[in-house]
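Below is one structure, written out as structure tokens; comments come after it.
The values are calculated or read from the model by the stated rules, or taken from the named source; none is laboratory data. Remember, predicted model here, so these are calculated numbers, not experimental data. Protein only, heavy atoms only, side chains kept; ligands, DNA and RNA dropped before computing areas. Shrake-Rupley method; radii C 1.70, N 1.55, O 1.52, S 1.80 Å.
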Amino acid sequence: MAKALAAIELKNLSNIRLHFDDAVFLLEWLPSASLACVDLIYPDPWPKRRHWKRRFIQDESVAAIARILRPDGEFRFATDVADYAAWTLKHLIRSSDFTWTAERADDWRRAWSGFSATRYEAKAMREGRAPCYLIFRRTHGGARTAYDPRQRTKDRTRGA
């Protein structure tokens, strides 16, 4: 927060608002389709299995992010914890509101344009952990672009 405040003052920015509380409350407050991009950078991974329910990425938060993102808006995620990267992929890929933008097998190794490295990233690299960068695009009307075996079962039950 202090680093953000210093940068805002240094650049004399007036179009920035900071929220010093749990982001879940902010997601509930923001209007639908109000943001073009949401970045989640090095969130707490809650590495113990019994704490996974505390991870920010959950089905409910994915739905909330989808609600506040404009169509074609981006959700960008960075972590150095392989398990949390896999967790995030699982939750976002199974959401009909997002599509993963990766085009090559190693896209996860490259930060998005304009990404500013953090001290968490520097620490991870010093300790030999590879950062992972994931970018997802908000789909139009929740149209699923990837094959979902659950959808086939739903279609069969409706007689499709």
* Over the Cα atoms of the range 58-115, compute the convex hull volume and normalise it per residue, giving Å³. => 101
* Which whole-number percent gives the relative contact order of the chain, counting Cα pairs below 8 Å spaced six or more residues apart? -> 24
* Structure fact -> Averaged per residue, the 1.4 Å probe accessible area of the chain, protein heavy atoms only, in Å², is roughly 68
* Structure fact -> Kirkwood calc, the chain, C-alpha pairs only, radius in angstrom 17.4
* Asked: Under the rule of -39500 (n - 2.57) per DSSP H run of 4 or more residues, summed and divided by the residues of the chain, what mean residue ellipticity at 222 nm is obtained, to the nearest 500 deg cm²/dmol?
  -> -10000 deg cm²/dmol
